[in-house]
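For reference, the structure is listed below as structure tokens.
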Amino acid sequence: MTKRPTPEKMARRIATASLLLLFFLPAKTYAAASDWVTSAGGTIRLVAAQPKADGTIPAILEVRLKPGWKTYWRDPGASGIPPQIAIDPSSGVVLEAIRFPAPQMFGEGPARYVGYDTPVAFPLVLKRTRDDGDLAIRASVFLGICEDICIPVQGELDLVLKKGEFDNPLDGARIADAVAALPQAPSADFKVTAASFDAETGAIRLRLQLPPEANADRPDFFLAGPSGVSFGEPVFGAETGAHRTADIPVKLSGKDKSIKGKPIALTVRAGSRSMETTLAFD
């Protein structure tokens, strides 16, 4: 016959089991993921990791799109709203840059626009301005998410980086994956070998070295310049193989009709690889 435990023994066993359960449950972390801001076409949030020794803070703006919806690149074209982020100065953090994975081109002619039709994460270059203590980051975000029409999405994203807390490994992996998806820097087998601007024709002429695996494909070009500078569809030369040329029409609006000294960001996709560089013309 099995002896039934007394109420006192049963209470001790339950207490011990509860302590063991609390021991094995993951500790609460402040790893930094804000709440999601929801719109008709998707959701957005901010994810960040602990500051590094130099004060930089790995972070992303994560955009989860619903099927059939799109969002925009840094220069969306004639219409569209690129991602814009403002950090509250009281956060003790400044935003130095937003970085962009290689986008896609949608539509044709004047209706063309540049963006993404799958979930995307934009790495952020954040830096702390205070040397010590917790960081309560508040970011105001404004971007466009579109299906047949563009819907502006605006929201406040808040998160806390507690000093001394460990990062959430899943959030760290999301940030690392987003950085790995960025275009690579120019390399020996994938780069712009010559760039010039012909003021008479109003076009940039590029000569490129493409990676071997992309020799049979026509590359995709995406350009972004300062306000008043926009770009038309590239016209490719007759070359095939690793070396290509392309003329890209430049459209200038406003009083300044020159691109002299104006930095132009160029992203090139060739096959499964993408490369980014900055063009500047004397």
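Which entries of Lys70/Lys255; Lys127/Lys163; Lys127/Lys162; Lys191/Lys262; Lys66/Lys127 have Cα-Cα distances beyond 22 Å here? Walk me through the intermediate numbers first.
Values: Lys70/Lys255 33 Å; Lys127/Lys163 15 Å; Lys127/Lys162 15 Å; Lys191/Lys262 20 Å; Lys66/Lys127 31 Å.
Cα-Cα > 22 Å for Lys70/Lys255; Lys66/Lys127; rest within.
Counting C-alpha atoms alone, how compact is region 182-281: give Rg to one decimal and Dmax as a whole number, in angstrom.
Just the Cα atoms of region 182-281 yield Rg and Dmax of 13.4, 43 Å.
Enter the Cα centre distance for the pair region 162-177 and region 37-82, rounded to the nearest angstrom.
Cα centroid to Cα centroid, the span is 17 Å.
Karplus couplings for region 145-160 from phi (6.51 cos²θ - 1.76 cosθ + 1.60, θ = phi - 60°), rounded to Hz, Gly and Pro as x?
10, 10, 10, 7, 10, 8, 10, x, 10, 10, x, 9, 10, 10, 8, 10
Count the net charge of all other residues whose Cβ sits under 14 Å from the Cβ of Pro226, scoring Lys and Arg as +1 and Asp and Glu as -1. Can you show the working numbers first?
Working: positive: Arg74, Lys251, Lys255, Lys257, Lys260, Lys262; negative: Asp75, Asp256.
Cβ neighbours under 14 Å give a net charge of +4.
Report, to the nearest 10°, how far helix 7-24 tilts away from the longest principal axis of the Cα atoms in the chain, using its own Cα long axis and a range of 0 to 90°.
20
Taking only protein heavy atoms into account and a 1.4 Å probe, give the accessible area per residue of the chain in Å². Each step should come with its number before you reach the end.
Working: 15790 Å² over 282 residues.
Heavy-atom accessible area per residue stands at 56 Å².
Positive end of the charge dipole of the chain (Lys, Arg +1 and Asp, Glu -1 on Cβ, about the Cα centre): tell me which of Ala49, Phe236, Gly144 has its Cα farthest that way.
Among Ala49, Phe236, Gly144, the one farthest towards the positive end of the dipole of the chain is Ala49.
If all Cα-Cα distances of region 89-218 are sorted into 10 Å bins from 0 onward, what percent lands in each bin, rounded to whole numbers?
Each 10 Å bin holds this share of Cα pairs: 9, 24, 31, 22, 12, 2.
Take the alpha carbon gyration tensor of region 48-121, find the square roots of its eigenvalues, order them as a ≥ b ≥ c, and report rounded if a/c is under 1.5; if not, report prolate when a/b exceeds b/c, else oblate. Can you show the working numbers first?
Working: a/c = 2.81, a/b = 2.19, b/c = 1.28.
Prolate shape, in that a/c is at least 1.5 and a/b is the bigger ratio.
Going by the alpha-carbon gyration tensor, a ≥ b ≥ c the square roots of its eigenvalues, is the chain rounded (a/c under 1.5) or, if a/c is not under 1.5, prolate (a/b greater than b/c) versus oblate?
Numbers: a/c = 2.52, a/b = 2.29, b/c = 1.10.
Prolate, since a/c reaches 1.5 and a/b exceeds b/c.
Roughly speaking, to the nearest percent, how much of the chain's 1.4 Å accessible area is carbon and sulfur? Show your work: numbers first, answer last.
Details: 8690 of 15790 Å².
Summing carbon and sulfur atoms, their accessible area is 55 percent of the total for the chain.
The values are calculated or read from the model by the stated rules, or taken from the named source; none is laboratory data. As the structure is a computational prediction, the values presented were derived from the model and not from experiment. Here Cβ is always computed from backbone atoms with ideal geometry, including for glycine, and neighbour counts include all displayed protein chains. Calculation scope for accessible area: heavy atoms of the full protein, side chains included, ligands and nucleic acids excluded. Shrake-Rupley method; radii C 1.70, N 1.55, O 1.52, S 1.80 Å.
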